[in-house]
């Protein structure tokens, strides 16, 4: 069976989330942004929240579910870190590598159906929602040929 995949590489300098039911209000009358700090122990939970959220959206659109793939996760993690080093979100590595090059480097034998990237302060599910609002990234997420997923992020040590 031909494996088809897409990579979701999400770089996070500091993801913002609600701090609880009662957010602190700043002098401008808006809620004060809280830093969403991600620890190594959060990795599985975050990846599975994205997987579950994406599969619910795919099911609603009539597309098959996707499964996480360790090789794709590794490619996404490497690229997320590299985007941080480059200080910009884009689809090419600092060495000029493309998404296909990154898949080859991790030994992935499937076909690439797309890649979405983000530099954001949002949570992973807020980022998924933002991708769904954009036609180009929505098309990648709901591509009916995809059956595997790689998802990762990089968060700077200062949040």
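General observations
- Residue that is modelled with the lowest pLDDT [pool: residues in segment 113-147 that are touching a helix residue (DSSP H, G or I) at 6+ places or on another chain (Cβ under 6 Å) and part of a strand (DSSP E or B)]: 120
- Among the residues of segment 79-90, the one identified as without any contact (Cβ under 8 Å) to a residue 40 or more places away in the chain and crowded, with 17+ Cβ neighbours inside 10 Å is 82.
- Some residue of segment 19-38 being at pLDDT 85 or above and surrounded by 15 or more Cβ atoms within 10 Å (Cβ to Cβ): no
- Close Cβ contacts (under 6 Å, 6 or more residues apart or on different chains) running from residues in segment 117-137 that are without any contact (Cβ under 8 Å) to a residue 60 or more places away in the chain and on the phi > 0 side of the Ramachandran plot to residues that are surrounded by 14 or more Cβ atoms within 10 Å (Cβ to Cβ) and in a helix (DSSP H, G or I) are absent.
- Meets criteria (farther than 17 Å from residue 151 by Cβ, outside any loop (DSSP other than H, G, I, E, B), touching a strand residue (DSSP E or B) at 6+ places or on another chain (Cβ under 9 Å) and touching a residue at least 12 places away in the same chain (Cβ under 8 Å)) for residue 100: yes
- Just one residue in the set 93, 110, 114 is surrounded by 13 or more Cβ atoms within 10 Å (Cβ to Cβ) and at positive phi; that residue is 114.
- Of the set (1) outside any helix (DSSP H, G or I); (2) out of contact with any helix residue (DSSP H, G or I) (no Cβ under 6 Å at 6 or more places or on another chain); (3) loosely packed, with under 15 Cβ neighbours inside 10 Å; (4) at pLDDT 85 or above, all apply to residue 65 but (2).
- When residues in segment 148-159 are screened for being out of contact with any helix residue (DSSP H, G or I) (no Cβ under 7 Å at 6 or more places or on another chain) and either free of Cβ contacts under 8 Å to residues at least 60 places away in the same chain or in a loop (DSSP other than H, G, I, E, B) (or both), 3 of them pass.
- Single residue of 94, 98, 80 found to be at pLDDT below 95 and in contact with a helix residue (DSSP H, G or I) (Cβ under 6 Å, 6 or more places away or on another chain): 94
- Residue count, segment 72-95 (criterion: in a helix (DSSP H, G or I) and touching a strand residue (DSSP E or B) at 6+ places or on another chain (Cβ under 7 Å)): 10
- Search result, residues across segment 103-112 that are in a strand (DSSP E or B) and within 18 Å of the chain's Cα centre (by Cα): 112
- Given (1) under 21 Å from residue 62 (Cβ atoms); (2) within 11 Å of the chain's Cα centre (by Cα), index of the condition residue 139 fails: (2)
The values are calculated or read from the model by the stated rules, or taken from the named source; none is laboratory data. All figures in this text were calculated on a predicted structure; none of them were measured in a lab. Positions of Cβ are backbone-derived with ideal geometry, glycine not excepted, and every protein chain shown enters the neighbour counts.
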